[in-house]
Amino acid sequence: MKTQIDKLEIGIPLEVSWGYDQTNVDFYQIVRISDKSVWFKKIDGEAVPGTGGYMYGNVRAKKDAFCDPNRIPRDQQGIHRRPIKSDSCGIYVPFEDRRLRPTTFEEEHYESSYA
């Protein structure tokens with residue numbers, strides 16, 4: 001029988017949304033997996049046409065669109081290794097006090113900005 005952790009595969013995206021006055025969405029892509037850990041790297045997202053307005057809209061992960069190291073903070077560059085965990089909502093990867101959750105490249109996520 002396949003467990004939730006068995007559903008993780010190299011190449012699938014992970015998503016985390018965060019923020020207080022705005023909703024930020026970050027994406028990462030799995031590059032390696034072991035029995036208890038996952039290695040992932042930050043990837044770009046893209047706006048979904050026709051879903052937004054001024055300073056809000058839906059975004060989705062872009063496959064293999066690994067972020068330029070010059071655009072992201074030094075402590076987030078490169079490949080990260082974290083344990084795989086689960087709770088009543090499913091599997092997740094703890095990272096920077098957040099929960100990265102598996103998603104797809106087609107799934108849309110709401111994002112908003114605050115000026």
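Mind listing whichever residues of the stretch 65-115 are modelled with pLDDT of 90 or more and outside any strand (DSSP E or B)? Residues satisfying the conditions are Thr103, Thr104, Phe105, Glu106, Glu107, Glu108. Considered as a group, the residues in the stretch 9-25 that are closer than 19 Å to Lys85 by Cα and surrounded by 17 or more Cβ atoms within 10 Å (Cβ to Cβ) include one that is farthest from the chain's Cα centre (by Cα), and that residue is Ile12. In the condition set (1) buried (at least 17 other Cβ atoms within 10 Å of the Cβ); (2) at pLDDT below 80, Ile30 is compliant with all but (2). Restricting the stretch 49-62 to residues that are in contact with a Gly (Cβ under 7 Å, 6 or more places away or on another chain) and over 18 Å from Gly11 (Cα atoms), the residue that is surrounded by the most Cβ atoms within 10 Å (Cβ to Cβ) is Val59.
For the structure I just gave you, tell me whether Asn24 is of a type in the set (S, T, N, Q) and in contact with an Asp or Glu (Cβ under 6 Å, 6 or more places away or on another chain). Taking the combined requirement at face value, the residue does not satisfy it. For the stretch 83-107, which residues satisfy the criterion of being among the charged types (D, E, K, R) and buried (at least 17 other Cβ atoms within 10 Å of the Cβ)? Selection gives Arg99 alone.
The values are calculated or read from the model by the stated rules, or taken from the named source; none is laboratory data. Everything quoted here is computed from the prediction, not taken from an experiment. Please note: Cβ atoms are built from the backbone with ideal geometry, for glycine as well, and neighbour counts cover all protein chains shown.
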